[in-house]
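Here's the structure, in structure tokens; my notes come after.
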Amino acid sequence: MKLIGITGGIGSGKSTVCQVFSLLGVPVYSADIRAKALMNSLPELQHSLQALLGDDIVCDNQINRPLMASRIFADSRLLRQVNEQIHPAVLEDFRLWASRKHAPYVLHEAAILFESGFGSSMHQNIVVTAPLEVRIARVMNRDNLTRDQVEQRMSHQWPEEELICRADHILVNDNTRMVLPQILELHDKLNHNSYES
């Protein structure tokens, strides 16, 4: 089975692209969703996060995500330390998940695929791209954020050019080119070039 990473800057449409792959029958692992679940289900991970962020970060055995976001997005050092706690747990969870799937390939969706080191654990990687202004507008509308808030979050991700340099495949989601034919072509290619890991 081929392990394929997929990423894109905030607002690129990565999650929408993954929904299409899912409809095509491709198993999709969302690192962001699973990270949230693991933070709430692994006591040792919660303790590590409390040590970094304060005891009030956990309430009723659940991570207070808005509070966590407000602290880590204002402090890049803290963000890195939190990620160093979360990423190993997510990668182990992904490997266990993938071992139970029977498909030519699976997708590992992660907002910070390369920054986290996940990209080097994949056989190939996909990057979903969109122009900066399109991405900012999408996130402002989707999350009801100000432009400054969106730009602050973007500042914690690698520039799109850096992602593209590391990509094996690129899907352009710029509101002018149709993305579905690109997905179908790539799906066909990955299905026919699969191999056992």
Can you give me the distance in nm between label points at residue 96 and residue 44, each placed 7 Å from the Cα along the Cα-to-Cβ direction? 1.1 nm
Whichever aspartates and glutamates have a C-alpha closer than 17 Å to that of residue 189, once near sequence neighbours (fewer than 8 apart) are set aside: 168
Proximal lysines relative to residue 36, as straight alpha-carbon distance under 28 Å, when same-chain residues fewer than 8 apart are discounted: 2, 14, 101
With +1 on the Cβ of every Lys and Arg and -1 on the Cβ of every Asp and Glu, and nothing else charged, how large is the dipole of region 55-197 about its Cα centre, in debye rounded to the nearest 20? 180 debye
Once phi for every residue in region 21-35 is put through the Karplus expression 6.51 cos²θ - 1.76 cosθ + 1.60 (θ = phi - 60°), the whole-Hz ³J(HN,Hα) values, with Gly and Pro written as x, are 4, 4, 5, 7, x, 7, x, 10, 9, 9, 4, 5, 5, 5, 4
Kirkwood hydrodynamic radius for region 40-100: how many Å is it when counted over pairs of different Cα atoms? 12.3 Å
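Please give the net charge around residue 141, taking every other residue with its beta carbon less than 12 angstrom from that of residue 141, where Lys and Arg add +1 and Asp and Glu add -1.
Values: positive: 135, 138, 142, 147; negative: 143.
Once positives and negatives cancel, what remains is +3.
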Region 9-76: which chymotrypsin sites (Phe, Trp or Tyr not before Pro) are DSSP loop and have at most 16 other beta-carbon atoms within 10 angstrom? 73
Could you give the length gained by full extension between residue 60 and residue 174, i.e. 0.36 nm per residue of separation minus their alpha carbon distance, to one decimal place? 36.9 nm
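Tell me the Kirkwood radius of the chain: reciprocal of the mean inverse pair distance over distinct alpha-carbon atoms, in Å.
On the way: mean 1/r = 0.0566 Å⁻¹.
Hydrodynamic radius (Kirkwood, Cα only) of the chain equals 17.7 Å.
Rule-based calculations on the coordinates, nothing more; no lab input. All values reported here derive from a predicted model rather than from experimental measurement. Glycine gets a Cβ as well: all are built from the backbone with ideal geometry, and neighbour counts include every protein chain shown.
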